[in-house]
Amino acid sequence: MSGSPSLERAFPSLRRGEYRITSPADGRYNCIAFAAGDTTRYWWPLDPLVGGYHWPLPPGSGRACTLSNFEAAFATLGYEGCESAELELPYEKVAIYVGANGVPTHASRQLASGAWISKLGSNVDITHRTPENVGGRAYGDVAIVMRRPR
Amino acid sequence: MSGPSNDSPHQLEVDVFSVVAEDDYLGDSVTMEHTHGLLTTPWVITGHIAHGGSGSRVEQLETSPTSTKRLLLETINREWVRPVAALGGYRRRGINVRPIEAVSVRFRQLADRWDADTAFSSSAHEFVAHPAYLEVIGMGLQVLPFLFERLPSKPAPWFPALRAIVGVDVADGAETAEAAMRAWLEWGLARGYAR
């Protein structure tokens, strides 16, 4: 699929970066689920959860919408913190973004090619060149990068 | 709230209304006593009524110049009716009637604005706090037919709203968004809220 002007307005860095839309819009999963490899449900720390939503941490403090909880959620999948988003072939990496208030907004995942993939809310999936391509106004900045063996 | 004119048909929606009828009216015409003054032109009710553990979908209302209306009932399923106690007894008053056009137009305005403003947001906290989303929840049961129509195009973000409107999570335990959507649509279909 070709690019989208509305995407490029929302994510100005996509004008400069190479990106490609890889799926139609789909409101059954979100970016956190997609980064976690799950395209069947929404991942978000609601407390209580509603049907169709998932969060791997228990109710209570585990459902607070904090960076540490998002980090802990990906840790349940075997990810641990790492220094950079540079490609390391033995590892699969995820990047977690926070807005200006420090609240998590987004996650993206690196492919073995070095490209990154993102699900944009309930909208489309894209591949993009760097994690920063989807940073900025909509999702803020990358706060933490995690990795796990491929 | 302004009512429909007398010379053109309007659809109206009823959330909860009082029924003054015999104990067994299934398949029969009954008299409905209403407490609202808008029921003046030919219209169709898309809500449902509860009565003594059995129920009927209201398919059509025949109007008359008086305040007494005739209901043509079609039995659908005895299972879908909420307990009469949940409605406070079958003689409970309190008709909630708005022209369907007004509800549908307002819902579409709100949902379109919410869609545009949260187009790329994954944060459930962010999209449920949006003023348009909160207003949709505040519209209550009358918005369900329109919300169910829209549900397949963007299901998961609407699940928290559905739970807030209905008061229970019909899809509780659903492992996938697809399963949750099916649960909601089946629930809505059984109660006359979805088609």
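For peptide B:151-157, how many partner chain Cβ atoms fall within 10 Å of a residue's Cβ, on average? What the average comes to for B:151-157 is 6.
Taking each residue as 0.36 nm, the span from residue B:179 to residue B:113 lengthens on full extension beyond its C-alpha to C-alpha distance by 21.1 nm. Taking other Cβ atoms within 10 Å as a rough exposure proxy, A:76, B:118 sort from fewest to most as A:76, B:118.
Between residue B:137 and residue A:112, the FRET efficiency from the beta-carbon distance, with R0 = 35 Å, is close to 0.20.
For the peptide A:41-47, the mean number of other protein chain Cβ atoms found within 10 angstrom of a residue's Cβ is 5.
Per-residue shielding of A:23-34, expressed as the average number of other chain Cβ atoms within 10 Å of the residue Cβ, stands at 4. With R₀ set to 45 Å, the beta-carbon distance separating residue B:168 from residue A:22 gives a calculated FRET efficiency near 0.75. Across segment A:118-135, computed HN-Hα scalar couplings (Karplus, 6.51 cos²θ - 1.76 cosθ + 1.60, θ = phi - 60°) run 9, 9, 9, x, 8, 8, 8, 8, 9, 9, 9, 6, 9, x, 5, 4, 10, x Hz from first to last residue, x flagging Gly and Pro. Using the rule -39500 (n - 2.57) for each DSSP H run of four or more residues, divided by the residues of chain A, the 222 nm mean residue ellipticity is -3500 deg cm²/dmol. Over segment B:129-195, Cα pairs under 8 Å with separation of 6+ residues give a relative contact order of 36 percent. Taking chain A as a Gaussian network of alpha-carbon nodes connected by springs under 10 Å, the highest mean-square fluctuation of the residues A:50, A:94, A:124 belongs to A:50. On the basis of the beta-carbon distance and an R0 of 56 Å, residue B:153 and residue A:86 show a calculated FRET efficiency of 0.90.
Where a number appears in this text, it was derived from the coordinates with a stated rule and is not lab data. Source: prediction; values computed, not measured. Every residue, glycine as well, gets a Cβ built from its backbone with ideal geometry; the counts of neighbours run over all protein chains shown.
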